Structure formats: structure tokens, C-alpha cells
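In what follows, a structure is listed as C-alpha cells, so that the remarks can point back to it.
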Amino acid sequence: MPEPLVRLRGIAKRYDGIEAVAPLDLDIAAGEFVVLLGPSGSGKTTILSMLGGFTEPSAGAILIGGRDVTGLAPARRPTATVFQDYALFPHMSVRANVAFGLAMRKVAAPERLRRADEMLHLVGLEGLGDRGVHQLSGGQRQRVALARAIAVEPQLLLLDEPLGALDLALRRQMQEELVRIQKRLGTTFVHVTHDQEEAMTIADRIVLLNRGRIEDVGPPARVYLRPASLFAATFMGESNVIAGRVLAAGPGPAGEGAAAEGAARVETPFGPMTVSGRAVAGDTVTLCLRPEQLRLVRLGADDIRLGQVLVTALSFQGAHLRVHAVAPGADLLLRLPADADVAVGATIEVFARPADLVMLRR
Amino acid sequence: MRARDLPAALYLLAAAVFIFLPVAVLVLFSFQEGMLPVPPFRGPSLHWYQVMLGDRRLLAALSNSVVVGVLSSLAATALGFLAAYGLARRRPRWQGAARFVLMAPLTVSYLIIGMGLLIAFNDLGLGRSLLSVGIGHVVINLPLAFAIVYSQLGEHQANVERAAQDLGASDLQAVLLVTVPMLWPTLLAAFFIAFTLSWDEFVIAFLLSRFDVTLPVVIWSLLRTGLNPELNAAGTFVFAISIALFLAVEFLIRRGRRNA
């Protein structure tokens, strides 16, 4: 692996004895789109603020491009920030906003205005350079903030919940544009959000945070499908959480990919089942299954039969049906195809693929 | 309007008449033709305005008032801004105590401030002069300017300054290129409020001035020689300037709110 662009080494932040960010290490590769995801108070904004130089870490070091920037002011770091409230200069035109960073770098006026217009074109605001900031809509202001930050050609662009104030349709559109612009520029993006769908849509890699600690790091599909912790399983969309106890553990069947790391026989309210993963006999574990991983038909010979469950609630959600069901000893949440033949009060038989089961230590 | 609102409306009308009638009478009799500003009203005539504009003593005091007002208000606004900026951005540990000390002069009467400054200036050998009056007006206006600017330095403004620094501005550049222009309506409002208060302030100006005096002091000394429509004209003039400044402040505050 080439030298990462950003290295966080044992970085931590305490406020009056309260730990906002516990000591953590994180490497970010050049050109990567990383999303810091977590609920409010998880420390994601604090980490971003430490990267940008607005918050001084209590411990640890930040290296960007191999250079220690821990003590450097924001102006002297190769970073630029898109603020949550956009923080545009209200007394300047759109073009002057975008050209501000270039003016601070003593770029001559004709050149910086040309570059500002180029940036406005990139974010889809060509022709609006002469407008005042107050004449723009929320989405347009968001684009100006982005253009202003990328105009200084930072090595690392920091985005602090930039889409939080936009309505859903506009947010989706901006997510796609962010990815398009990031791929086009090749700049490393670090984006903070509490919206897990947004994170999955835009991220190359998700860093999932909770209470100042990293819960899981990985590509969206991996974090969603094979969460590393119970928090990751429940925060990244919905999950069925099934309590279990390990009856026996041992090496998995050879040559089966993930299963090669080990396998365990686990006792659950749905009967005993074989799950891949390392475990010790006698351990209490949690098994996680996504609602859409529960099916009404057996697809493979090794499918696990969870048994008969009673449908207690049903809601039509357009693309799918959301179904609540009860089984002896556990509740289940299912996401079935919209045309599935189920009704409240009916009993249905439920299956799951063993590969979908994720075993987590308690 | 419902019937039961009638007493309230009458009360409001009575209060307004009580407050504004003297002012209206003062203004009305500045247009009097005769020698006395008392009924019956004869006129209207601009005679006494002509007299006023030919009165060298009044005109000198007028220009003194403008100089003292402009310079002291500039000083109060600049100092108030710096104090507010320092406290809001640097957040020193003793922030609360500093705010208390800065605001404290508001609670002291002008008489006490004037006497205190008079004693202090005498001890320092500074004596009584327009400069002393100006310093006195900075003392009373600095807390107001500080409070007005401080109230406008919120977290959003802090983020805008951070954005400027993030894009490469030095602290000084961020203040001059972003903070001050962004607060422009607020700073103007603070300046105009300070000027309005300095413009018709009497007690401190009276205690601290000697040969060169401000307009309120001259009007007071003219009053001792008896009633005269020229004084009504001078008073109307002072009042008109105050009203104009008050409207300017209202306009600026409205504009600032729209831009926020």
C-alpha cells in the first residue's frame, strides 16, 4: 500500500475531562472519499475539526502528506473546509467568494476571476458569479461553498454535514454531484454525516463512530453486510438481533472464503444453527440478519429454516413490504417483495442463508 | 376595533399627547413671527431660523457638537468593536468579569461620571476642554457600542471568519476583509446611536467644557437670558437631527436583520 495521504496517530480530544474522541488511529489514502458516520456526539465533527486545524487535539499527531500538521493553523494546512452553515461571505459577490482563497494566495486578479468562473462552472453555477450571496437558494449556496473550498486546490477537502439543510431530493442530487466532482478532481474528501444512506451512497470507505470510538471501518457493502459490532449492525440500517449461545466451535469447512476463518454451532430461539466466525464454546453471542435477508422460500440446500412465524403488522413502502412477525422467543422484521402473498394474522415460514448471518461477540 | 379596546386607545392617545405636546409646541413656536414663543401663534415665519444661522456663538457650538459627536462616536465604536471581538473570539477565562466592567458605566449617572472625570482631569492637568467632553462621551457610549456589536458576533459569524482563515487569511485580514464588512450595518448603527447620545448630552458637556462649548450647553446659557423663538429654532434643529439619526439606525438594523 502506498504511503497514505493522511495519518491520524493516537489522536484524542477531551473537553473538561469528558472524552469527545478516544485515542484513535486512521489512515486515509490519496484520492479516497471517506465518510465519518455516526450519531450526534460520536466525535465525527471533532475529528473533522482537528483535521482542519480548528480544534487542537489533546493528544496524538496528524500527518498530511508525511508532514506533521498537528500544531499548524488552518491557513497553513493543505486542507479546505465546507462548513455546515456554508459560512459564505455575505458582503461579497458569488465570484468574490470563490476567488477569496486565491486572493489570499496573491493570485493576480484576472487569473483568479478566471479560475473562480471555472469552479462555478464545475459546480453548475456558471453565469451566477455577479449575484449576491443572498440572492441564492440553499442548494446554490451549498455549491458556492464547495466551489470556494476547491478553488484553492486543497489536498484534502473536509465537508461538515454539508447537505444537512437541504431537502431530500436536492440532497440526493448533491450526493451524486459530490461523487462526480470528487472523481473528476481526484481530491481526497472527508465527509461528515449522521445519515447512513448518504454515507453508503457516496463513500469509498465508511468510518463508523460511536461515543468517540471507531466501531467499524470499511467499504459500505462490507460495513453493511458484515458489521464489526452490534452498533454497526443496528446503526447502518435495520437489523434483526438474535441472542445465542455457542455450543461448539471449530475450524470452518476448508476453501469457503469467509467461512474459512472458523465456524460455530450456536443455540438460538430458532433452534441450533451453524454460523461462520471465530467463537469459544459457552460464549454468549449475537446473531444479526438484515430484514431483506429473510425469505419465504428455500433457495439453497443449506438454507436455515427459522420456522413458522406469525405476521403481526404490515406496511406497504412502495418498493417493498415491511413486515413485523413474532416467533416463539423472538420478534422478526422482514422486508419482502411488494407482491409477496402475506397478510396480518397469517403464519409464514421463514428461511435465511447461513452466509448472511453475522455473529458478534457480546 | 372592539368597544372594550376604547379605554386603552384613549389612554395611549393621552400618553402620546403628554409626551409629544411639549415637543410639538417647541417646534410650532420656532416658526413664530413675534418676539415671544407664546400663544397666540403668528406666522409661520423662518425669521428665527435666519437669526439662528446668523448667531456665531450658536454656529460655533454646532460645529463643536459635530466634531465631538463624530470623533467620540468613532472612538467608542472602534473600542467597543475591539472589546466585543476580543471577548467573543478569544473567550478568555475572565470573560464574565470583563463584560461586567465594560457594561458598568451604563449604571452610573452622567452627573457622577462627569464629576469623576472633572476631578481626574484636574489632577492630571488636562483641565476642561472639548477633548475632555469627547472623552466623557466615549465613556458613556463605549458600553452601548460594545453591547450592540457583541450581540451580533454569533457562532455563524465565527464560522465565516474561520472560513476566511481556512482559505489563507491572516487574523488581521480576516478582521478587515470579512468581520468588519460583515458587521458594517451593526457598526454604523452603533456609531449613530453613540452620535445621537453625544449630540444632545448636556451634563457631562457642561461640567467638562470651558470656553468652547457644545450646542446643548449654549442653549442652556441662552435660556438664562429669557425665552426667545431663536431657542425654539435651535431646539427644533437639534431634535430634527436626532430624529434623522434614529431613522437611519432603524433602517440599518432592519437591513442587518434581512442580511443575517
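Only one entry of B:21, B:79, B:53, B:62 meets the criterion of being in contact (Cβ under 8 Å) with a residue 12 or more places away in the chain and either closer than 25 Å to residue B:222 by Cβ or crowded, with 18+ Cβ neighbours inside 10 Å (or both), and that entry is B:62. Among the residues of the stretch A:49-72, the ones that are surrounded by 14 or more Cβ atoms within 10 Å (Cβ to Cβ) and under 18 Å from residue B:166 (Cβ atoms) come to 14 in all.
Residue check: is residue A:46 crowded, with 16+ Cβ neighbours inside 10 Å, within 18 Å of residue A:187 (Cβ to Cβ) and not hydrophobic (A, V, I, L, M, F, W, C)? When the stated conditions are applied, residue A:46 does not pass them.
The set of residues in the stretch B:39-83 that are touching a Phe, Trp or Tyr at 6+ places or on another chain (Cβ under 8 Å) and polar (S, T, N, Q) comprises B:45, B:65, B:73, B:77. Condition (residue is more than 14 Å from every other protein chain (Cβ to nearest Cβ), more than 30 Å from residue A:91 (Cβ to Cβ) and within 18 Å of the chain's Cα centre (by Cα)) applied to the stretch B:222-234: is it met by at least one residue? Looking for residues that are more than 14 Å from every other protein chain (Cβ to nearest Cβ), more than 30 Å from residue A:91 (Cβ to Cβ) and within 18 Å of the chain's Cα centre (by Cα), one finds at least one in the stretch B:222-234, hence yes. Among all positions in the stretch A:139-150, there is no residue which is loosely packed, with under 15 Cβ neighbours inside 10 Å and either under 24 Å from residue A:74 (Cβ atoms) or free of Cβ contacts under 8 Å to residues at least 60 places away in the same chain (or both). Within the span defined as the stretch A:36-56, one or more residues are over 20 Å from the mean Cα position of the chain (by Cα) and more than 20 Å from residue A:162 (Cα to Cα).
Tell me the residue from A:165, A:147 that is small (Gly, Ala, Ser) and part of a helix (DSSP H, G or I), please.
Selected residue: A:147, the only one of A:165, A:147 that is small (Gly, Ala, Ser) and part of a helix (DSSP H, G or I).
The set of residues from the stretch B:192-249 being closer than 24 Å to residue B:142 by Cβ and of a type in the set (Ser, Thr, Tyr) comprises B:196, B:198, B:209, B:214, B:242.
Restricting attention to the stretch A:230-243, does a residue exist that is touching a strand residue (DSSP E or B) at 6+ places or on another chain (Cβ under 6 Å), surrounded by fewer than 20 Cβ atoms within 10 Å (Cβ to Cβ) and hydroxyl-bearing (Ser, Thr, Tyr)? Within the stretch A:230-243 (the criterion being touching a strand residue (DSSP E or B) at 6+ places or on another chain (Cβ under 6 Å), surrounded by fewer than 20 Cβ atoms within 10 Å (Cβ to Cβ) and hydroxyl-bearing (Ser, Thr, Tyr)), the answer is no, since none of the residues qualifies. Taking helices (runs of 4 or more DSSP H) as the structural unit, those lying wholly within the stretch A:31-137 and holding at least 2 residues that are closer than 28 Å to residue B:184 by Cα and more than 13 Å from every other protein chain (Cβ to nearest Cβ) correspond to A:94-104, A:109-122. Report yes if residue A:122 is in the same structural domain as residue A:91 (by TED's automatic domain parsing), surrounded by 14 or more Cβ atoms within 10 Å (Cβ to Cβ) and out of contact with any Gly (no Cβ under 8 Å at 6 or more places or on another chain), otherwise no. Spelling it out, residue A:122 is indeed in the same structural domain as residue A:91 (by TED's automatic domain parsing), surrounded by 14 or more Cβ atoms within 10 Å (Cβ to Cβ) and out of contact with any Gly (no Cβ under 8 Å at 6 or more places or on another chain).
Mind listing just one residue for me: the one in the stretch B:180-196 that is more than 18 Å from the chain's Cα centre (by Cα) and crowded, with 19+ Cβ neighbours inside 10 Å and, of those, nearest to residue A:146 (Cα to Cα)? For the stretch B:180-196, the residue satisfying everything is B:182. Beta carbons closer than 9 Å, at least 6 apart along the sequence or on distinct chains, pair a first residue in the stretch B:108-123 that is surrounded by 14 or more Cβ atoms within 10 Å (Cβ to Cβ) with a second that is in a loop (DSSP other than H, G, I, E, B) for B:110/B:201; B:110/B:202; B:116/B:108; B:118/B:128; B:121/B:127; B:121/B:128; B:121/B:129.
When residue B:194 is tested against the conditions (1) modelled with pLDDT of 85 or more; (2) touching a Phe, Trp or Tyr at 6+ places or on another chain (Cβ under 8 Å); (3) within 30 Å of residue B:107 (Cα to Cα), the lone failure is (2). When the residues of the stretch B:242-260 are filtered to those that are assigned to a helix (DSSP H, G or I) and modelled with pLDDT under 70, the one that is nearest to the other protein chains (Cβ to nearest Cβ) is B:259.
Of the residues B:218, B:213, the single one that is in a loop (DSSP other than H, G, I, E, B), more than 14 Å from chain A (Cβ to nearest Cβ) and crowded, with 19+ Cβ neighbours inside 10 Å is B:213. When the stretch B:170-203 is filtered for residues that are among the hydroxyl-bearing types (Ser, Thr, Tyr), within 14 Å of chain A (Cβ to nearest Cβ) and touching a residue at least 60 places away in the same chain (Cβ under 8 Å), the ones remaining, listed by number, are B:179, B:186.
Any idea which of (1) in a helix (DSSP H, G or I); (2) touching a strand residue (DSSP E or B) at 6+ places or on another chain (Cβ under 8 Å); (3) among the acidic types (Asp, Glu) is the one residue A:215 doesn't satisfy? If we test residue A:215 against (1) in a helix (DSSP H, G or I); (2) touching a strand residue (DSSP E or B) at 6+ places or on another chain (Cβ under 8 Å); (3) among the acidic types (Asp, Glu), just (1) comes out false. Restricting the first member to the stretch B:148-169 and to residues that are more than 8 Å from chain A (Cβ to nearest Cβ), and the second to residues that are assigned to a helix (DSSP H, G or I) and basic (Lys, Arg), the beta-carbon pairs closer than 8 Å and six or more apart or on different chains are B:150/B:99; B:153/B:89; B:158/B:89; B:161/B:89.
The criterion of at least 2 residues that are in contact with a helix residue (DSSP H, G or I) (Cβ under 9 Å, 6 or more places away or on another chain) is met by the following strands (runs of 3 or more DSSP E) wholly inside the stretch A:275-335: A:284-289, A:320-327.
The values are calculated or read from the model by the stated rules, or taken from the named source; none is laboratory data. Worth saying up front: this structure is predicted, and the values here are computed from it rather than measured. Every residue, glycine among them, receives a Cβ derived from its backbone with ideal geometry; neighbour counts consider all protein chains shown.
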